[in-house]
Amino acid sequence: MEPEPNLWAHPELRAAVALEDWPALLKTWRRLTRSSQSKLGALVGLAQPDISAIENRRREVTSVEVRQRIIDGLGVPRELLGVRHEELPLPSLVLPGMVSEADAERLTAVRKGGLRLDTRALDALDALLAAHRRAEDTVGSRTIAPLVIAQFEEVAALHDQARGALADRVVKLLAEYAQFLAWMAQDQDNAPVALGWFDRSYDWALEAGYGDMAATTMSMKAHLSWSQGKGRRCVRLGEAAASTAGASEATRAMAVQMAGRGHALEGNADDAYRRLDEAQQIIAAASDAPPWLYFYGESWFAAQRGMADLHLKEWSSAAEHLVTGLAGFAPSFRRDRAWYGACLAHAYAGAGEAEVALATSLSVLTDASEIGRPHAWEELHRVAGMLIRRRVPEGRALFDALAALD
């Protein structure tokens, strides 16, 4: 099958080329063209086992010859090659269309000192960061993080140009960048780096009087504690975030539900459901969500309530809430659909519904493998373990499906 004419306009492919992430490039190319590993291997002059080893990161592409085979065989456009971290412009080349051509020229001029930083340039940076947040939902943190780090460094360099209100706004933007980078580090299970970025975000938020971001950062630290199994710390950070001055109602709702999930992790059902009920009331009436909580609403809350049910082994309620939440997720939220889909499979397995647990797991297997590592991927392994311990054939089927992509 020949590639579509506009194949190389796809952001995942462009990002993979820019970062020379050959496993991601090969996998994404095959998915977009519906090609087999054998077909791809024939194009680039490699055997199918070699393609499999590269895609699954068991073999690195270090040879100039193999690199060139991939470039020539897939017809990688020359203009996409050779973009290194230090060369990335502020409006990213690998995610086109994020800012207008005029704004791109303005940002370049500001960067080079030919134009003073102004409100319009900061508006363009806000739009760029918002677009990267949404792109990360689709292509994953591993792809987006290097681009955002490069752009964060450029934004930090603009601070010396700013005066007065513009300086305050740059500090706010730095707080938002740091919060996003913390989230992506957390998504890759790198807690020390995540905590470092969270602390920087919190400091900048306080400096700029940005209560909503300060509360968000603390709430996300609660989420990090939850992911580490530290329920009591999750509760304390969630409650502190909810009481932070300047927090919007949407941010408060997120913080209160985190406290509820911390209680659930500790096995305190009454406290968990009390806080979750309160969070649901807040989110239902909230109308002032900050831009970085663009995804947050009743669908996400339903899915997160399902997570609390999982901790309390309320399997049927967990499945019901997770199904409700997933029904409201846009198709572009691939990482989150993989994560909550894996959790739904967990709920079905816990309820003894092995057949539907397997079907649910397989429905998110590709996204969990491509952009859901490590969290969704590990959750699917837990589901396989549950099914195998119950000695049902679906456990071995899921284990084999996972092993094929490990």
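The values are calculated or read from the model by the stated rules, or taken from the named source; none is laboratory data. Note that the structure is a prediction, hence the values are computed from the model and not measured. All Cβ positions, glycine included, derive from the backbone under ideal geometry; neighbour counts span all protein chains shown. Just the protein is used for accessible areas: all its heavy atoms, side chains included, with ligands, DNA and RNA removed. Shrake-Rupley method; radii C 1.70, N 1.55, O 1.52, S 1.80 Å.
Quick notes on this structure:
- 26 Å Cα-Cα reach of Lys230 towards lysines, excluding residues that sit fewer than 8 places from it in its own chain: Lys221, Lys313
- Whether segment 229-289 is rounded, prolate or oblate, judged on the alpha carbon gyration tensor where a/c under 1.5 counts as rounded: oblate
- Modelled spin labels at Glu207 and Glu60, positioned 7 Å past Cα toward Cβ, are 3.6 nm from each other.
- Diffusion constant of segment 18-87 at 10 °C, which comes from Stokes-Einstein with the Kirkwood Cα-pair radius and 1.306 mPa s, µm²/s: 129 µm²/s
- With K and R counted +1 and D and E -1, the other residues having a Cβ less than 11 Å from that of Asp288 yield a net charge of -1.
- Spin-label pair Ala130-Ser332: with each label point 7 Å from Cα along the Cα-Cβ axis, the two points sit 1.1 nm from one another.
- Accessible-area order (highest first, 1.4 angstrom probe) of the listed residues Phe295, Phe301, Phe399: Phe399, Phe295, Phe301
- Shape call, segment 345-406: gyration tensor on alpha carbons, a/c limit 1.5: prolate
- For the chain, calculated [θ]222 nm from helices alone, where every DSSP H run of n ≥ 4 adds -39500 (n - 2.57): -22500 deg cm²/dmol
- In segment 189-343, inverting the average of 1/r over every pair of distinct C-alpha atoms gives 15.5 Å as the Kirkwood radius.
- Solvent-accessible ranking of Lys39, Lys230, Lys221, largest area first, probe 1.4 Å: Lys230, Lys39, Lys221
- Distance in nm between pseudo-label sites at Ala156 and Phe295 (7 Å out along the Cβ direction from Cα): 2.5 nm
- Fully extending the segment from Ala403 to Glu79, taken as 0.36 nm per residue of separation minus the present Cα-Cα distance, adds 113.0 nm.
- Given a 1.4 Å probe and the protein chains as shown, Leu115 ends up with an accessible area of around 70 Å².
- Length added when fully stretched, Ala109-Arg274, from 0.36 nm per residue minus Cα-Cα: 54.1 nm
- With R₀ set to 45 Å, the beta-carbon distance separating Ala284 from Gln68 gives a calculated FRET efficiency near 0.20.
- Shape call, segment 271-349: gyration tensor on alpha carbons, a/c limit 1.5: oblate
- With a 1.4 Å probe rolled over the protein heavy atoms of all chains, the accessible area of Arg58, Arg106 falls in the order Arg58, Arg106, largest first.
- Most mobile listed residue (Thr138, Thr108, Thr244) in the chain, GNM with C-alpha springs under 10 Å: Thr108
- Given charges at beta-carbon only (K, R positive; D, E negative), |dipole| of the chain in Debye: 680 debye
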